[in-house]
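Undergrad: Once you've had a glance at the structure underneath, I'll fire off some questions.
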Amino acid sequence: MPLDQIGETLASFYDSLVAEGVPEHLAALVRKVRQSEVDAAGLSAPLEARPRVQRLALVVEDDREIRALAEALLEETELAVVGCDSAEAALAVLQARGGDVALVFADVRLAGAMDGVQLARAVATLWPRARLVVTSGHCVDRPDIPTEAVFIQKPWRALDVLLEAERASGEPPPPIG
């Protein structure tokens, strides 16, 4: 089978593969194949002219008012904002756009079966490039949350949240290959 045909076949399955949770290195290979096809066709735009995928801040909070406040605050940053009321909803966003997520800002108590600590462990393991901020109005033992996570006690200060967003947006996006 010619290499071009293999590339076309991989590219045609890309969206369904990503939705099923294909490892990032395979997804990166498919993106490279697609890009080489575009380059070969002479359609490649200069790097500066290519649209940049906006990185995301994921706010995971079951209290609608607090989530709206955090979302409004983070909308003032360079990050696009997605709000979720449960860890399960957040995981769906991460599965679809995990490589674009720069910041996960999660409360410990959430709607749904998973809590914020369980979500933090999953993010630290599966999406280690995302900056992880855990918040709670209750006492949380530091050993319960991943060492990669930053803990901010509620009520949090807007400045603390904005600093974490700045750190997250200042880190380079994950490499394609």
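Undergrad: On the given criteria, is G83 in the same structural domain as A165 (by TED's automatic domain parsing) and on the phi > 0 side of the Ramachandran plot?
TA: Criteria not met by G83.
Undergrad: When both residues are 6+ apart or on different chains and their Cβ atoms are under 7 Å apart, which pairs have a first residue that lies in the range 77-94 and is in contact (Cβ under 8 Å) with a residue 12 or more places away in the chain and within 11 Å of L119 (Cβ to Cβ), and a second that is of a type outside the set (V, I, T) and assigned to a helix (DSSP H, G or I)?
TA: C84/A90; A87/G116; A87/Q118; A87/L119; A90/L119; L91/A122
Undergrad: What are the residues in the range 52-76 that are touching a residue at least 40 places away in the same chain (Cβ under 8 Å) and farther than 13 Å from A111 by Cβ, if any?
TA: Selection gives V53, Q54, R55, L56, A57, L58, V59, A70, L73, L74, E76.
Undergrad: Being among the small types (G, A, S) and surrounded by fewer than 19 Cβ atoms within 10 Å (Cβ to Cβ) is the filter here, so list the residues in the range 90-114 that pass it.
TA: A92, A96, A111, G112, A113
Undergrad: Taking the options V117, V123, V134, name whichever one is crowded, with 23+ Cβ neighbours inside 10 Å, under 18 Å from I66 (Cβ atoms) and in contact with a helix residue (DSSP H, G or I) (Cβ under 9 Å, 6 or more places away or on another chain).
TA: Going through V117, V123, V134 in turn, just one is crowded, with 23+ Cβ neighbours inside 10 Å, under 18 Å from I66 (Cβ atoms) and in contact with a helix residue (DSSP H, G or I) (Cβ under 9 Å, 6 or more places away or on another chain): V134.
Undergrad: Any residue in the range 147-171 that is touching a residue at least 24 places away in the same chain (Cβ under 8 Å) sitting within a Cβ distance under 8 Å of a residue that is loosely packed, with under 14 Cβ neighbours inside 10 Å and charged (D, E, K, R)? List the pairs, counting only those 6 or more apart or interchain.
TA: From the range 147-171, the pairs are L162/E76.
Undergrad: Can you find even one residue in the range 97-109 that is touching a Pro at 6+ places or on another chain (Cβ under 7 Å) and assigned by TED's automatic domain parsing to the domain that holds I152? Reasoning before the result, please.
TA: Restricting attention to the range 97-109, the residues satisfying the condition of being touching a Pro at 6+ places or on another chain (Cβ under 7 Å) are 99.
Cutting the leftovers down to assigned by TED's automatic domain parsing to the domain that holds I152 gives us 99.
The answer is yes; a qualifying residue exists.
Undergrad: Taking the range 63-76, which residues are closer than 16 Å to D115 by Cβ and either at pLDDT below 95 or among the basic types (K, R) (or both)?
TA: R67
Undergrad: Which ones in the range 66-87 are under 17 Å from S169 (Cβ atoms) and either among the charged types (D, E, K, R) or not in a helix (DSSP H, G or I) (or both)?
TA: E71, E75, E76, T77, E78, L79, A80, V81, V82
The values are calculated or read from the model by the stated rules, or taken from the named source; none is laboratory data. All values reported here derive from a predicted model rather than from experimental measurement. For neighbour counting, all protein chains shown are included, and Cβ atoms are generated from backbone atoms with ideal geometry for every residue, glycine included.
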